[in-house]
1. Confirm whether Ser252 is farther than 24 Å from Thr124 by Cβ, among the polar types (S, T, N, Q), away from ligand 1 (no atom under 16 Å from the Cβ) and touching a strand residue (DSSP E or B) at 6+ places or on another chain (Cβ under 6 Å).
2. Tell me the residue from Cys63, Cys16 that is without any contact (Cβ under 8 Å) to a residue 24 or more places away in the chain and either under 20 Å from Asn316 (Cα atoms) or in contact with a Phe, Trp or Tyr (Cβ under 9 Å, 6 or more places away or on another chain) (or both), please.
3. Exactly one condition in (1) within 16 Å of ligand 1 (Cβ to nearest atom); (2) farther than 20 Å from Trp254 by Cα; (3) of a type in the set (A, V, I, L, M, F, W, C) is not met by Trp51; state its number.
4. Name, by its number, the condition in (1) crowded, with 21+ Cβ neighbours inside 10 Å; (2) more than 18 Å from the chain's Cα centre (by Cα); (3) over 30 Å from Asp91 (Cα atoms) that does not hold for Phe203.
5. Can you pull out every residue in the range 75-99 that is over 18 Å from Thr267 (Cα atoms) and β-branched (Val, Ile, Thr)?
6. Taking Ile246 and the conditions (1) farther than 30 Å from Leu207 by Cβ; (2) modelled with pLDDT of 90 or more, which numbered condition does it fall short on, given that it satisfies the others?
7. Restricting the range 184-198 to residues that are at pLDDT 75 or above and buried (at least 19 other Cβ atoms within 10 Å of the Cβ), which is nearest to Gln230 (Cα to Cα)?
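The values are calculated or read from the model by the stated rules, or taken from the named source; none is laboratory data. Just so we're clear, the structure is a prediction, and the values are computed from it rather than from any experiment. Cβ sites come from the backbone with ideal geometry, for glycine too, and all protein chains shown count toward neighbours.
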Amino acid sequence: MACSKETFINHGVKICPSLETQGRGLFTTRSFKNGETIIEEQPLFSCQFSWNYAYGYSACDFCMRPLETAEENARRLTAKPDLILPHTECDGTDKSFHVICSKCAVTYCSVECKDQAWNQYHKTICCNMLGGNPNHPVEKLNEAWKKMHYPPETSTIMLLVRILANFIQRSDREELKGQLMSLCHHTVNEEETIAHKLLGQEFESQLELLRDLSTKALGMPETNEFLTPQGFRSLIALIGRNGQGIGTSAFSVWVRKVSENEIDPTTDALIDTIYQEMETESGDFLNNEGSALFAIQSAVNHSCEPNCVSTFPFSNHTVALVASKDIEENEEVFISYLDECALSRSRHSRRKILEENYLFHCNCSRCQLEADEPDMTSEDEESMEDD
Ligand SMILES: [Zn+2]
Ligand SMILES: [Zn+2]
Ligand SMILES: [Zn+2]
């Protein structure tokens, strides 16, 4: 499978027109073995979700690495302040590297993260007040967003804030514009559907409010084109459609490291108990959660029969694309946008979820193979769809 019009080449992969979809796709330029990492990529921008932050989930303000120790994390999520974790040598959090912004006290996992944040966007949006400033225009925008977008969170306006602040700060604006344009290929109708999904019924008035508050916070000659009604709606659609979820957790880093060693039955039982107690106390909300925009990763198309998975091997915002099968040279790589459970459902159900959430009609090899299946769902699926 050769492909014409290569648009991007990077260590073993290239972006070019996809053979399975209307848009672009990611292709290999050499073969990869099952389990091999194809690319690791830093996001263009990432940001923790607003409610997640407000509820005390503690992550580096730049890279989302957990800032709590595993023990602190387990204590908070189980609401058991006396809980003791053994094997402290397996704790991935080293607070001696943590640094704060001297002006507003947001915390970073390292001086490198603090410097990168400052140089990319924080210089523009730092509220210059220790502990935060509720009257700062960026904070007013964040509060308005939180009232429109309650958990479970899927995006955050603060990602858009970082993009605009970077646009003000950087010298090579055309480069960023090119990167954003390559992510931003929606029709007006699609943008409306995405905005509707993000903001609910009153999305038009809410979009206008967000645009007004964004203009007060970051309206400059450099950002004007993004703050017109059309420009702003495109940006919202961009973060809504391309934002990839990130979850980090100090406790799961500890569990992984403990499990890499010979695990004793007592620790094994303790881990089970803690997970049960976390679920009782905190439900599904165990991770520091956020969203990121990736230039290369975002070109990877969905297949119901994927040959890759995305992982976050460093417990921060760096994504890795890992082969889950042997892959030939010049093959398109696919991940699944559906979780395990949804992926095991019928063709009809899978396509319905993809159409509703990702606005495309899946025509992957598996969907083609199952094309003769009747468009019916199992009883189980029907009851889920009625919810
Ligand atoms: Zn960091
Ligand atoms: Zn600051
Ligand atoms: Zn499919």
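1. Details: farther than 24 Å from Thr124 by Cβ: yes; among the polar types (S, T, N, Q): yes; away from ligand 1 (no atom under 16 Å from the Cβ): yes; touching a strand residue (DSSP E or B) at 6+ places or on another chain (Cβ under 6 Å): no.
In short, no.
2. Numbers: Cys63 fails: without any contact (Cβ under 8 Å) to a residue 24 or more places away in the chain.
When all the criteria are applied, what remains is Cys16.
3. That leaves (1) as the condition not met.
4. Every condition holds for Phe203 apart from (1).
5. Listed by number, the residues that qualify are Thr93, Val99.
6. Failing condition for Ile246: (1).
7. Glu191
Results for (1) over 18 Å from Glu40 (Cβ atoms); (2) in a loop (DSSP other than H, G, I, E, B); (3) among the β-branched types (Val, Ile, Thr), shown as yes or no for each residue.
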{"residue": "His317", "(1), (2), (3)": "no, yes, no"}
{"residue": "Val322", "(1), (2), (3)": "no, no, yes"}
{"residue": "Lys325", "(1), (2), (3)": "yes, yes, no"}
{"residue": "Arg350", "(1), (2), (3)": "yes, no, no"}
